[in-house]
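What follows is a set of notes on a single structure, which appears directly below.
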Amino acid sequence: MTADSTAGGPTQRRGRSVALLTCAALTAGALAAAGAGVLQPQPASASSHREAPLIQGQPQFDTTDVYAFVSPDHPDSTTLVANWLPFQEPAGGPNFYTFASDARYDIHIDSDGDAQDDLLYRFTFTDHRKNENTFLYNTGAVESLDDPDLNFTQTYDIELQRLSHGKVASRHQLAKDLPVAPSNVGKASMPDYQKLRDQAVRKVPGGLKSFAGQADDPFFLDLRVFDLLYGGDLSEVGNDTLKGYNVNSIALQVPSSYLRQSEEQPVIGVYATTERQNAQGEWTRVSRLGMPLVNEVVNPVKDKDKFNASSPENDGDFLKNVTEPELPKLIEGLYKIKAPAEPRNDLVSVFLTGVKDVNQQPDGKPSEMLRLNTSIKPVAEPKRLGVLDGDTAGFPNGRRLTDDVLDIALQVVEGELVGAKNDLGDSVDANDKEFGHSFPYVALPTAGSDTRAAAAETKSDATGLSGGVSSLTSSWDDNTVMLVSGAAGALCVLLAGLARAMWSRTRRRPGRSSWIG
């Protein structure tokens with residue numbers, strides 16, 4: 001509880017009581033509702049992005065999100081997506097955004113549930129620069145990945161390691177010198193970026209497909225959840241804070257039969273890591289991610305760097321963080337929603353073992369990773385709340401690009417699986433960009449030339465704050481509206497009204513017509 005907030009109302013300082021913080025937050029919300037607030041740019045502090053003290057200063061090595069799902073257009077295969085290098089400002093030249101050439105980007109597969117790797121796909125990158133006598137990333141319009149005007153390029157190799165009891169049993173080079181899709185500099189430099197994306201999708205022997213390059217950040221949420229759970233300015237609830245930012249993606253599509261133990265045991269565990277080479281030439285693991293939000297809101301600061309350097313087989317070290325989580329206590333303090341009783345064995349099933357009869361491996365060892373039942377076919381109309389809403393093809397059975405993991409996590413943390421039905425969420429239900437209908441599915445990155453339009457849109461939103469609040473208040477009942485109107489003299493009552501409005505909007509809203517848009 002250390003954030004400061006000044007937007008639209010009173011400044012909140014470290015160390016104030018929960019009551020004061022809550023009243024300040026609601027005062028801000030009341031002012032906003034009356035049209036007196038002004039949206040202010042806020043420094044972002046992301047969920048799976050920059051989540052630990054050491055990795056926040058090494059963005060090229062920072063794993064932001066991992067996705068694993070049965071491919072919707074090829075249901076006999078599984079698509080694995082992992083992202084790095086968060087918060088890419090699209091116009092951030094002249095060097096733009098590259099994979100680190102001194103890193104090992106790894107995607108791990110546990111096929112039998114023993115919390116040890118059975119397969120490891122390793123991606124390593126090499127830089128290429130055509131002309132050292134210019135500062136330009138590209139020296140003219142780029143029409144193809146081998147265009148001579150694309151001054152800086154990267155290629156990558158893929159190695160498959162097969163492991164037994166944690167030891168490498170064999171190594172196989174699956175591909176060499178595959179091209180990386182460049183950063184989307186802008187419409188003058190890259191007038192047909194879709195063409196460049198398509199050229200970066202490559203077939204790999206064995207029936208695999210691979211892609212590496214820039215993409216729109218597919219994670220969608222309102223990051224002010226980290227600002228005392230929106231406690232500073234409730235008028236900003238519902239903003240997709242990652243809108244307009246890009247990431248670097250690696251996507252791999254693999255026949256599911258390669259990944260799972262057998263047809264009788266089709267559940268796999270998936271996570272991604274990054275290793276960095278030090279001055280002595282030794283490799284050290286600096287980032288690790290499987291389930292979203294675990295190292296962000298489950299592990300305390302003292303454990304975050306240790307978790308990033310650890311392996312799933314040692315996750316017993318972090319068990320108490322799951323069974324005695326901090327987040328429900330914060331919500332109880334701020335919004336008077338009673339925290340479920342501990343120990344939270346329901347969270348163990350979601351985050352560490354998989355859900356029984358959905359994606360739990362028999363005799364599996366508890367460990368933090370995505371678990372995907374590859375035998376569950378994709379659905380034509382996925383639901384954003386996944387398993388919570390009866391859609392077993394979605395999170396926490398793997399993770400699709402469209403799954404609303406923040407809302408799911410909040411509802412589960414607040415006891416959805418132990419009888420405490422709730423509708424918690426951040427009012428951001430979908431990504432701002434449509435996902436693709438074929439591999440690699442991630443949306444095209446925002447172009448550097450698009451930032452001017454985005455800035456204009458943001459400015460319009462800022463001047464139309466009352467419109468944003470009107471959208472929020474449109475779902476309030478009459479009693480709530482009356483309470484907001486009487487904000488100055490009814491702050492205590494407003495606490496209940498605003499909190500109820502913010503937390504009740506998201507439950508069971510219809511998902512997109514197609515799981516990828």
Selection from the range 89-119 of residues that are open to solvent by less than 10 Å² (accessible area, probe 1.4 Å), under 19 Å from residue 61 (Cα atoms) and in a strand (DSSP E or B): 103, 105, 106, 107, 108
Qualifying strands (runs of 3 or more DSSP E) (wholly inside the range 227-307; at least 3 residues being touching an Asp or Glu at 6+ places or on another chain (Cβ under 9 Å) and more than 30 Å from residue 450 (Cβ to Cβ)): 267-277, 283-289
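Every residue, every condition in (1) at pLDDT below 95; (2) more than 15 Å from the chain's Cα centre (by Cα); (3) in a loop (DSSP other than H, G, I, E, B); (4) of a type in the set (Asp, Glu), yes or no:
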site	(1), (2), (3), (4)
44	yes, no, yes, no
47	yes, no, yes, no
50	yes, no, yes, no
53	yes, yes, yes, no
56	yes, yes, no, no
69	no, no, no, no
73	no, yes, yes, yes
80	no, no, no, no
87	yes, no, no, no
Whichever residue in the range 234-264 is modelled with pLDDT of 95 or more, under 19 Å from the mean Cα position of the chain (by Cα) and of a type in the set (S, T, N, Q) and, among such residues, is surrounded by the fewest Cβ atoms within 10 Å (Cβ to Cβ): 249
Number of the exception - residue 128 against (1) assigned to a strand (DSSP E or B); (2) open to solvent by less than 40 Å² (accessible area, probe 1.4 Å): (2)
Criterion violated by residue 346 - all others in (1) closer than 23 Å to residue 227 by Cα; (2) acidic (Asp, Glu); (3) open to solvent by less than 70 Å² (accessible area, probe 1.4 Å) satisfied: (1)
Filter result (hydrophobic (A, V, I, L, M, F, W, C) and surrounded by fewer than 23 Cβ atoms within 10 Å (Cβ to Cβ)) within the range 266-292: 279, 283, 286
Every pair of residues 6+ apart whose Cβ atoms lie under 6 Å, when the first sits in the range 52-73 and is open to solvent by less than 60 Å² (accessible area, probe 1.4 Å) while the second is among the charged types (D, E, K, R) and part of a loop (DSSP other than H, G, I, E, B): 55/62; 69/400
Hits in the range 136-146 - residues which are within 33 Å of the chain's Cα centre (by Cα) and either within 20 Å of residue 100 (Cα to Cα) or free of Cβ contacts under 8 Å to residues at least 40 places away in the same chain (or both): 136, 137, 138, 145, 146
Matching residues in the range 305-336 - criterion: being closer than 30 Å to residue 283 by Cα and either touching a helix residue (DSSP H, G or I) at 6+ places or on another chain (Cβ under 9 Å) or open to solvent by less than 30 Å² (accessible area, probe 1.4 Å) (or both): 305, 306, 307, 308, 310, 312, 315, 317, 318, 319, 321, 322
Unmet requirement for residue 412, which otherwise passes all of (1) at pLDDT 95 or above; (2) out of contact with any Ser or Thr (no Cβ under 9 Å at 6 or more places or on another chain); (3) of a type in the set (Val, Ile, Thr): (1)
Residue within the range 378-389 that is in contact with a Pro (Cβ under 7 Å, 6 or more places away or on another chain) and surrounded by fewer than 24 Cβ atoms within 10 Å (Cβ to Cβ) present: yes
Any hit, the range 292-312, residues being within 14 Å of the chain's Cα centre (by Cα) and closer than 26 Å to residue 154 by Cβ: no
Residue 147 being charged (D, E, K, R), in a loop (DSSP other than H, G, I, E, B) and under 30 Å from residue 372 (Cβ atoms): no
Hits in the range 190-223 - residues which are of a type in the set (Gly, Ala, Ser), touching a Phe, Trp or Tyr at 6+ places or on another chain (Cβ under 8 Å) and not in a strand (DSSP E or B): 200, 206
Pair list, Cβ < 8 Å and 6+ apart or interchain, from the range 184-202 residues that are more than 18 Å from residue 136 (Cα to Cα) to residues that are β-branched (Val, Ile, Thr) and open to solvent by less than 10 Å² (accessible area, probe 1.4 Å): 196/142
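The values are calculated or read from the model by the stated rules, or taken from the named source; none is laboratory data. All of these numbers come straight from a predicted model, not from anything done at the bench. When we count neighbours, we look across all protein chains shown, and the Cβ atoms used for this are built from the backbone with ideal geometry, even at glycine. Just the protein is used for accessible areas: all its heavy atoms, side chains included, with ligands, DNA and RNA removed. Shrake-Rupley method; radii C 1.70, N 1.55, O 1.52, S 1.80 Å.
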